[in-house]
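Every read-out reported here was derived from the displayed coordinates using simple, explicitly stated rules and does not represent laboratory data. Every value quoted in this text rests on a predicted model; they were computed, and no experiment measured them. Quick reminder, even Gly has a Cβ in these numbers, built from the backbone with ideal geometry, and neighbours come from all protein chains shown.
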Protein chains: 2
Amino acid sequence: MYQQDPAAAAWLGAIGVVDATELPGLDDLHEPEGAIEEAQRLAAECFQADRTFFLVGGSTVGNLAAIGGSAARDEIIIMQRNVHKSAIHAAMLSGSSVVFVAPEYEEKAGLYGGVRAETIAEALQTYPQAKAVFVTSPNYYGMAVRELERIAAHAHDAGVPLIVDEAHGAHFGFHSRFPRSALQLGADAVIQSTHKMLPAMTMGAMLHLQGDRINIERVQRLLRMLQSSSPSYPIMASLDWARWKLHTGQSALFDDSLTVIDQFVKDLESNECYGVRILDDPMKLLLYDRTKKLTGYVLQAELTKQGIYTEMADERYVVLACSCATDKQDLEHLGSALREIHQGHPSEKKENGDIFSNNKYILPPSISPPISLDYFARRSETKRTITVNVEQSAGMVSAEMVIPYPPGIPLLFPGETITQEAADQLARLRDAGASVQGIKDRAVRTIEVVQSP
Amino acid sequence: MYQQDPAAAAWLGAIGVVDATELPGLDDLHEPEGAIEEAQRLAAECFQADRTFFLVGGSTVGNLAAIGGSAARDEIIIMQRNVHKSAIHAAMLSGSSVVFVAPEYEEKAGLYGGVRAETIAEALQTYPQAKAVFVTSPNYYGMAVRELERIAAHAHDAGVPLIVDEAHGAHFGFHSRFPRSALQLGADAVIQSTHKMLPAMTMGAMLHLQGDRINIERVQRLLRMLQSSSPSYPIMASLDWARWKLHTGQSALFDDSLTVIDQFVKDLESNECYGVRILDDPMKLLLYDRTKKLTGYVLQAELTKQGIYTEMADERYVVLACSCATDKQDLEHLGSALREIHQGHPSEKKENGDIFSNNKYILPPSISPPISLDYFARRSETKRTITVNVEQSAGMVSAEMVIPYPPGIPLLFPGETITQEAADQLARLRDAGASVQGIKDRAVRTIEVVQSP
């Protein structure tokens, strides 16, 4: 296979070139005192952190270390419900107890956004023993937590750190049209997927810390435990490269892209079929069918046929992530693809009005009781499970983590009671052809639940 | 910096090329059913496993998942004492209790090797509730555990899986001159750093499973929790490439390298100053000063000056890892570098006889009592620590994990009583300029110990 395919051979040859890292003075990610220490220091300066750690295991490992380093077993962490699975995995690994707080539903966008400061304050009052607050901002759709500064203030009043999963916002704070960054708004620990919105290699991410509320030593120790003892130099170098691009380019780095995005949005106003919505992050375009005939999944499939690879789709939207490299040609291609889809495939459209209620399926209590997801508890203490049809699962307790991916936010986690809405949503996602992780039955017909005693 | 340096710019450009992965049909490492599933299946066939998982977080994540998936909190795992830090980290994260078994000291090589089957059998009899056995084979020096097949049989008699850290032995079993692989010898779970001895990118590794003693579901769940939700495609592709090279090349892949290695070994016989030792793995060359004038550290530094980058050094040896790409020119360069060092730097040699006792510092009981390293225990339950001079630390209980790196095998772990030998060895390593990870005092003058009540 590799021999017959010159493109594959060339690509693999390039891998060899970039991975040629056996040079002196390479430093050690786990005990940096040379080039890596300097690169991390420059990144801390650039992002206005006191301390920055380069991550070679993605934002995943940053969430695991920041959460695991802040709450020990049975200690409470207050967490926004609609977080990336890695935040819940952190609680599973550390055995901390999670108080989930519900996000606000934003009617206009038809999406769950961030949590309100008031809800966090109430959770902190109810659970004064809590060790940390964890929120996600922005989400996959580019929606920022509007009251982040107030949330930070509430956490600090309670003497605990605010940890922010800013995986999708590494560019925040670097242009007047972007929201301010979580660090600027007072967060104590911030995790960024540098590779998502800045030019770094996949799995390249950063963990920024500021202030003295976060236990740096415990966080660092976890990073040493969780990350490879042979970290990838191409990934680390690409993080330094992304920092350098940002440092030298500053806000001008994004000006050209924003200009062409503005033009695209303006042009699409006259498109009777497809609309585009921008929430807080102007680099994230949410395309949707104004006529409610095509779901996001179908629209995504149509765009793929036109050679346009999108970030994600849900029942309503197709999300496109622009970058500082997005140019006029990219968005003209997108515009003409949308016209093509409109004209060329009317037969594939279907009426299915009620699926556009989109995403309104996570309905936890506003503030949940503490939930222990302790993964390493002895098996004798774990519950027996049975398999039931998804349609019959409402009211039962899930034994599985069920994760529509992307965006990777668990619809259900082990130990959570399955609401009728969640069961319905899971069935709908399955029928719409969404990719669902974590569930044993790959066809998503059945789900494992905890057997009643 | 990047703008002025065309080499850096070209290298970073190549990174961009290999990381261009946004193509359809890319599959999902965490729920593979396309290209990744096929690549993993082909790897399982090639390495004779029932099931193979590609790892993008190195052997580190393989050890964490295999150990964490086999023993829950307070459950016992029987572990060779001289393991890679990631094995001990696994016990720290999962909270399992470790029964350490001492390795055998091999007088001729002056190195600790593997454990004996008899010792494992005795540990299993003493702790019949143990959930798994974990050993490392081969070690950094290319020494294989000689009685691995018998160890597997003892584990299986006791109904528990044998997990083998074969990080340095991905090539084992593929040539008549290599030792048989751990899978061939009956291991249930085997972790290989494909990037070390085969042509894969750094952090590219594999976890192979066979039989039904290992809890595949728990291992896989941990892999999903610990590895990035945006895994690196270049790393995954390089694993498939390495498998393909092995599959198409088979033992002939190594013939040329072995021929030039044999010639190098023969040539060095006449060198009155430097000798080379090969233990079980003919791809690992252990260079040493026959006259006992240069430590491995000094010899390594001299080789670096000659442009030869070695795998690791200790007090006695410099370890060189050859690969299937090692050619005549490489080893001629090494030979002439050794002649150069012999002739050119007589003034830098120093007499220091007793440091060549090398490595004989881990002196645990043959079988330790179960030790809990539980990292996520509440802080209120953790002990208070004080800082003492390394020279005064014997008899105290270490609060730090102290890891000479490479090879990354902890000299001390938290909770371990510091023997006089360990304290002496730590001081010697410091004075010899060895790199030591994990210890807070980077100058290695002091160490944190548990305060007596």
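From the alpha carbon centroid of segment B:103-182 to that of segment B:289-327 is 27 Å. Label positions at B:GLN129 and B:ASP74, each projected 7 Å from the Cα along the C-beta direction, are separated by 0.8 nm. The DSSP beta bridges internal to the protein assembly as shown are antiparallel in roughly 70% of cases. Counting only residues at least eight positions apart within a chain, or on another chain, the lysines with an alpha carbon under 20 Å from that of A:LYS305 are A:LYS293, A:LYS349, A:LYS350. Other protein chain C-beta atoms within 10 Å of residue C-beta, averaged over A:216-229: 6. Residues of segment B:304-324 with backbone nitrogen within less than 17 Å of a virtual label 7 Å along the Cα-to-Cβ line of B:ARG177, please, listed as ranges. Residues B:320-324 qualify, since their backbone N sits under 17 Å from the label point.
Under a model in which nothing but the beta-carbon of Lys, Arg (+1) and Asp, Glu (-1) is charged, chain A shows a dipole of about 920 debye around its Cα centre. Centre-to-centre separation between the Cα atoms of segment B:409-443 and those of segment B:201-216: 32 Å. Restriction of the GluC sites (Glu not before Pro) in segment A:17-98 to DSSP coil positions whose beta-carbon has at most 12 other beta-carbons within 10 angstrom yields A:GLU22, A:GLU33. Sequentially through segment A:109-116, phi angles give Karplus couplings (6.51, -1.76, 1.60; θ = phi - 60°) of 7, x, 9, 6, x, x, 8, 8 Hz, Gly and Pro residues having no value and appearing as x. Skipping prolines and chain starts, which residues have an amide H placed within reach, meaning under 5 Å, of the one on A:SER372, given they are 5 or more residues away or on another chain? Under 5 Å from the amide H of A:SER372 lie the amide H atoms of A:VAL98, each far enough along the sequence or on another chain.
Note on the protein assembly as shown: dipole from Cβ charges, positive end direction compared against B:SER70, A:VAL56, A:ALA313; the farthest Cα belongs to B:SER70. For chain A, the residue among A:PRO161, A:ASN82, A:GLN451 whose Cα projects farthest onto the positive side of the dipole built from Cβ charges is A:GLN451.
Counting only DSSP beta bridges with both residues in segment B:30-132, tell me the antiparallel percent, nearest 5. Taking every DSSP beta bridge with both residues in segment B:30-132, the antiparallel ones total about 25 percent. As a calculated quantity, the FRET efficiency between B:HIS156 and B:GLU45 at R0 = 25 Å, using C-beta atoms, amounts to about 0.60.
In this structure, the amide hydrogen of A:ALA170, modeled 1.01 Å from its nitrogen in the peptide plane, lies closer than 5 angstrom to those of A:SER193, A:MET197, counting only residues at least 5 positions away or on a different chain.
If both residues of a DSSP beta bridge must be in chain B, then about 70% of such bridges are antiparallel. Solvent-free Debye calculation, one equal scatterer per alpha-carbon of the protein assembly as shown: log10 I(q)/I(0) at 0.07, 0.09 Å⁻¹ equals -0.57, -0.95.
The HN-Hα couplings worked out from phi for segment A:186-194 by the Karplus form 6.51 cos²θ - 1.76 cosθ + 1.60 (θ = phi - 60°) are x, 5, 8, 9, 9, 10, 10, 7, 3 Hz, whole numbers, x standing for Gly and Pro. Distant-in-sequence amide contacts of B:LEU55, defined by a placed amide H-H separation under 5 Å and a gap of 5 or more residues or a different chain, comprise B:ALA205, B:MET206, B:LEU207.
Listed by chain and number, the lysines whose alpha-carbon sits under 29 Å from that of A:LYS383, ignoring those within fewer than 8 places in the same chain, are A:LYS85, A:LYS131, A:LYS440, B:LYS131.
Other residues with beta-carbon under 12 Å from the beta-carbon of A:VAL98 carry, at +1 per Lys or Arg and -1 per Asp or Glu, a net charge of -2. Phi-derived couplings, Karplus 6.51 cos²θ - 1.76 cosθ + 1.60 at θ = phi - 60°, listed residue by residue for segment A:216-222: 4, 4, 5, 5, 5, 4, 5 Hz, with x used for Gly and Pro. Computed about the Cα centre, the dipole magnitude for segment B:196-325 is approximately 500 debye when only Lys and Arg (+1) and Asp and Glu (-1) carry charge, each at its Cβ. If only the Cβ of Lys and Arg carry +1 and only the Cβ of Asp and Glu carry -1, the dipole of the protein assembly as shown around its Cα centre is close to 1200 debye. Per residue, chain A reaches -10500 deg cm²/dmol at 222 nm when only DSSP H runs of four or more residues are counted, each adding -39500 (n - 2.57).
Listed here are the pairs A:LYS108/A:LYS292; B:LYS245/B:LYS328; A:LYS108/A:LYS284; which of them are more than 19 Å apart at the Cα? Cα-Cα > 19 Å for B:LYS245/B:LYS328; rest within.
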